[in-house]
Amino acid sequence: MLVVRGSHRVRRNWLGRVTALRPAKPPWPDVLRSGLFLPGPMALGLATGQVAAGLFGTLGALLGILAERSGTTGQRVTRISLAAGGGVVAMLLGPHTAGTGVAPLLVVAGFACVSGVVSSVHPTLSFAGMQLLVQMSVAGGLSPGVARPVLLAWYVGAVAWVLLGVLVQGAVERTSRRYRTEVAGAVSALADAVRGGEPGLLAAQTAIAATDDLVALATPVRPALRGELEALFGITSRLPEVATAAAAAVQRADPRVRTAFAGEVDEVAAAIAARRAPALPADPADPADPAAERLVRRARTLLLAAAAAPPHDRAGQWRARSSRRIVDALTSASTRAYTVRVALCMTAAELVRQADPVAHSYWVLITVAICLKPDFQAVLARTLQRIAGTLIGALPAVLLVRATSHVGQLVAMGLLACGIPYTVRRNYGLFAILITPIVLIVLHFGGPVGGAGVVERIVNTLLGGCVVLVFGYVLWPGTWRPPSRTRIARLLTTLASVLDPAVGDTGRARARVYAELADLRTVTGHGPYEPPAVRARRLLWSDVVDGALAVVTAGTRVAGTDDASRLPGAAARLRTLSEAVRGRVPWAGPYGSGAPAPAGEVDEQVVALAASVARVWPPRTRGARRQHRDSPAEPSPTDAAW
């Protein structure tokens, strides 16, 4: 039986959430660069009489512009280069997907498997994995009548043209300052967690981990920047320990001391941003609670040590983290699930393409590849936005290609390209409306795109969207089923290790818990973009994440107090809960059948977590199910957040 708490909250207009515009300011330098650099390859192709080569060059420039996001010059160059590498491989092997039969089907399935693994290694590679499929579809669907080496030369040259614009913009903007800004921002997030307590703790841990990755895996263009990155990495590598100590301190400290400590953290953040030493007052004093004073003093000492940390070897960490990410991607259950999902949908799309009597059927594959990109929002929302954007953007495209000359079309392409960096930040549907006429104008240079051609591409987009919705959403088990029992049981076991210092390194266990909770939060975070039937389930999954975080916070709060003696018992009950989730022991509640629950904050949070887990993974025994069904449902803090 599925118990939905606060179910009235999930009946809101979810379609309104899908179409809502995110707040964003226009990135004017990116806007101007996109408008100036996209039409360049096609203009050169028209001037030299090599229109087909210019078409492929424009596709390369478009890839470079779409790959670019705000960030440092090194980040932008890395993203564009990786995406271009995937595009070159796809251009070389993509023609083998043309035609019908088993061979193209196997090639598409192989590309999908490689794309799934590559996309799961790191978010930077996610776009490259998607472009591997998109450019494969384009290479198999277009027949330019030009030698492949010539097309590749134009393609790579256009990417280099976009990279030149990125380097010029980076030199003007001095984007390398973003590294220091991000480190200061992570420390500021820690200050917000100090003020807000439990709700901001996971956000601060996530921001610190992301910043640590940003600095450790940075690829600076200028050699002079490497020394600064070594110094910043010395800070970020110590911030997780600071966050753990700060969490222990602020849960015990008096509000006055907590506010003062948050101000000190903000001062350290400002000092890091300004490249100066922090100016802090004397050590905080809390005569009413000497234990809290010791915790705050320890967190303060660690914070100052992190701010003054010597440079740290970044090259070794870069190699170690890259190797670990690759190994994790190859062995992760989520990677296998995503790879199977992509391969299933792309194989189905290829079968549809081969049977599709409508021309330009390669758009079926393109639609599936774009809608299944892993680090975007929910598949359903993205697919609906893609279909709606194509339908709305098709009419302006027809008017532009019919009513203007080549020069007018180049001008229109440049003006539309100016909106790419802005619309992609606001809403993907709005971006799809803009990108549709751009792509159709580019294709029009290779051959007239009339009303019939636009209708054919719309039909194929609808077919691709149907493939995604059927095979990648409705029939996909992950849409309806929660994460596996094994995964949650492993989380509970690790959570028990955080509470029980006798079992090993609690700091490492805490880091594993936060990483797993952040991963689960990514899954549950798609809930607002899902229809009520799916969103109700995601609310319950999110309650488990909130409950696990509350247990960690409560354990941190009572550490070093008289209630700390309860921690090993709570850890043992979490291990029992883990075994019950696996189905190895009968379900009798976290404290046994008929036994009163011991008092204590950690015990109360364990009870709440057990109730949340039982709602998602109901007990297997009949009596336990009856007990679970008859238990009253408490309002969820996640309901209010959503």
The one condition in (1) open to solvent by 50 Å² or more (accessible area, probe 1.4 Å); (2) within 30 Å of Val215 (Cβ to Cβ) that Leu344 fails to fulfil: (2)
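The rows are residues; the columns are (1) touching a Ser or Thr at 6+ places or on another chain (Cβ under 7 Å); (2) part of a helix (DSSP H, G or I); (3) hydrophobic (A, V, I, L, M, F, W, C); (4) open to solvent by less than 50 Å² (accessible area, probe 1.4 Å).
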position	(1), (2), (3), (4)
Leu384	no, yes, yes, no
Gly389	yes, yes, no, yes
Pro396	no, yes, no, no
Gly408	no, yes, no, yes
Gly414	no, yes, no, yes
Leu430	yes, yes, yes, no
Ile435	no, yes, yes, yes
His444	no, yes, no, yes
I'd like to check something: does region 76-94 contain any residue that is among the basic types (Lys, Arg) and without any contact (Cβ under 8 Å) to a residue 24 or more places away in the chain? no
Failed condition for Arg521, given (1) under 30 Å from Leu365 (Cβ atoms); (2) among the basic types (Lys, Arg); (3) modelled with pLDDT under 90; (4) open to solvent by 30 Å² or more (accessible area, probe 1.4 Å), with all others met? (1)
Working carefully through the options Arg425, Arg457, find the one that is at pLDDT below 95, open to solvent by 20 Å² or more (accessible area, probe 1.4 Å) and part of a helix (DSSP H, G or I). Arg425
Can you find, within region 36-64, the residue that is farthest from Met413 (Cα to Cα) among those that are open to solvent by less than 10 Å² (accessible area, probe 1.4 Å) and of a type in the set (Gly, Ala, Ser)? Ala53
Checked pairs for region 8-35, first modelled with pLDDT of 80 or more, second among the polar types (S, T, N, Q) and surrounded by 11 or more Cβ atoms within 10 Å (Cβ to Cβ), C-beta under 6 Å and 6 or more apart or across chains, list as Leu21/Asn427; Pro29/Gln169; Arg33/Gln169
Hey, Pro223 at pLDDT below 90 and under 22 Å from Pro311 (Cα atoms) or not: yes
Log entry, pairs with first residue in region 225-249 being touching a residue at least 40 places away in the same chain (Cβ under 8 Å) and open to solvent by 10 Å² or more (accessible area, probe 1.4 Å), second being of a type in the set (D, E, K, R) and assigned to a helix (DSSP H, G or I), beta carbons closer than 7 Å, six or more apart or on different chains, reads Glu230/Arg314; Ser237/Asp212; Thr244/Arg510
Outside any helix (DSSP H, G or I), among the hydrophobic types (A, V, I, L, M, F, W, C) and in contact (Cβ under 8 Å) with a residue 40 or more places away in the chain: is that true of Val368 in this structure? no
Exactly one condition in (1) open to solvent by less than 30 Å² (accessible area, probe 1.4 Å); (2) in a helix (DSSP H, G or I) is false for Pro483; which is it? (2)
Apart from one, (1) open to solvent by 20 Å² or more (accessible area, probe 1.4 Å); (2) over 27 Å from Gly140 (Cβ atoms) all hold for Ala378; the odd one out is (1)
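The values are calculated or read from the model by the stated rules, or taken from the named source; none is laboratory data. What you see is a predicted model; the values in this text were computed from it and never measured. In this analysis, Cβ positions are derived from the backbone assuming ideal geometry, glycine residues included, and neighbour counts consider all displayed protein chains. Keep in mind that these areas ignore ligands, DNA and RNA; they rest on the heavy atoms of the full protein, side chains included. Shrake-Rupley method; radii C 1.70, N 1.55, O 1.52, S 1.80 Å.
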